[in-house]
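Everything below concerns the one structure shown next.
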Amino acid sequence: MSHLLELRGVDAAYGAIAVLRGVSLEIADGGMVALLGANGAGKTTTLRAICNMGVKTRGEIRFAGRRIDGLATEAIARAGIGHVPEGRGTFTSLSVEENLRLGAYLARASERRIADDLEKMFGYFPVLRARFHQQAGTLSGGEQQMLAIARALMGQPRLLLLDEPSFGLAPIIVQDIFRILRVINREQHTSILLVEQNARLAFELVDRVYLLETGRVVTSGPPSQIAADETVRRAYLGQ
Ligand code: ATP
């Protein structure tokens with residue numbers, strides 16, 4: 001089976017500080033994968049390595065059949081990888097509309113396509129229609145996370161990288177966001193790479209889990225298998 005994203009022996013470093021060591025992982029086209037691990041394990045760095053953002057990498061990264069390691073961040077986004085970074089990365093002084101239009105910019109979408117995509121986003125996140133002309137900075141944390149996801153989707157990505165979308169949000173909002181991620185995956189065939197601290201939540205969403213410890217993949221498999229592991233239960237599920 002061909003994979004949408006494939007990392008082969010990826011090292012990543014901030015200057016002289018090595019963070020990732022020989023990371024290999026795959027995401028099937030249409031797949032949903034979670035990257036779990038303790039604070040500082042290198043989850044955020046893995047997403048940054050994929051996007052070639054502020055970290056020096058070695059090794060092979062393939063997306064949709066071609067090498068993307070070494071490409072500029074913008075070219076990687078244009079190739080079809082949408083990144084929702086830690087802290088969401090929305091432009092707080094711009095309106096919801098402006099944020100969403102910026103998301104569409106890289107995809108060079110026509111006005112018609114943008115209008116269609118905006119309607120889709122309003123379907124997933126009705127609150128964005130209600131807040132369309134409001135400054136993004138005035139939205140609640142949950143609404144900002146929804147905006148960040150919608151903005152990434154406006155770029156029509158085949159793969160969405162999500163860095164802790166649950167961070168700082170009330171459980172009920174998180175449930176809502178994860179429910180919508182499932183719908184987006186099903187309806188748009190968008191693959192998802194999810195970084196999460198909350199393993200329980202991640203296990204419910206994804207079909208495959210990778211566990212990172214100090215920059216290395218220590219285990220991977222379907223959530224049912226990973227959740228059955230005694231160490232994982234103790235470290236990540238509080239059992
Ligand atoms: P967290 O949940 O805390 O974000 P993480 O698994 O995402 O954890 P990373 O953010 O990828 O971890 O960080 C991995 C390691 O790299 C940590 O030891 C961190 O201190 C280090 N690190 C992260 N960013 C930088 C940077 N810009 N310069 C130097 N070291 C960094």
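Please treat every number below as a calculation from the coordinates, not as lab data. Nothing here was measured: the structure is a model prediction, and the numbers come from that model. Cβ coordinates were reconstructed from backbone atoms using ideal geometry, including for glycine residues, and neighbour counts include every protein chain displayed.
Summary of values
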| item | result |
| --- | --- |
| Nearest-0.05 FRET efficiency for Ala64 and Leu94, computed from C-beta distance (R0 35 Å) | 0.70 |
| Whole-Å distance, taken between Cα centres, linking the range 44-82 and the range 1-39 | 11 |
| Förster radius 25 Å - calculated FRET efficiency between Arg113 and Gln134 (Cβ-Cβ, nearest 0.05) | 0.55 |
| Nitroxide proxy distance, nm - points 7 Å out along Cα→Cβ at Ser2 and Val218 | 3.6 |
| DSSP bridge pairs, the range 158-239: antiparallel proportion in percent, nearest 5 | 50 |
| Residues in the range 1-38 reached by a label modelled at Asp229 [backbone nitrogen below 19 Å; 7 Å Cα→Cβ] | 7-10, 20-28, 32-38 |
| Rounded if a/c under 1.5, otherwise prolate or oblate - the range 50-121, Cα gyration tensor axes | oblate |
| Cα gyration tensor shape of the range 1-75, rounded if a/c is under 1.5, else prolate or oblate by comparing a/b with b/c | oblate |
| Segment Phe167-Asp207, extension gain: residue separation times 0.36 nm, minus the distance between their alpha carbons | 12.3 nm |
| Dimensionless Rg/Rh of the range 161-239 - Kirkwood Rh, Rg from C-alpha atoms | 0.96 |
| Under the Debye formula (equal points on every Cα, no solvent term), log10 I(q)/I(0) of the range 3-140 at q = 0.13, 0.16, 0.17 Å⁻¹ | -0.69, -0.97, -1.04 |
| P(r) histogram, all alpha-carbon pairs of the chain included - 10 Å bins from 0, percent | 8, 33, 37, 19, 3, 0 |
| Formal net charge of residues neighbouring His189 (Cβ-Cβ distance under 11 Å; K, R +1; D, E -1) | 0 |
| Listed residues Ser95, Ser140, Ser24, most fluctuating in the chain (Gaussian network, C-alpha, under 10 Å) | Ser140 |
| Antiparallel bridge percentage (DSSP; both residues within the chain; nearest 5) | 55 |
| Most to least packed among 65-72, 120-127, 78-85 [average Cβ atoms within 10 Å] | 78-85, 120-127, 65-72 |
| Size of charge dipole - the chain - debye, nearest 20, with Cβ of Lys, Arg +1 and Asp, Glu -1, no other charges | 320 |
| For the chain, calculated [θ]222 nm from helices alone, where every DSSP H run of n ≥ 4 adds -39500 (n - 2.57) | -12000 deg cm²/dmol |
| Positive-end residue, the chain charge dipole about Cα centroid, Cβ charges, pick of Phe125, Leu181, Leu7 | Leu7 |
| The range 113-215: radius of gyration and largest Cα-Cα distance (Dmax), Å | 14.0, 44 |
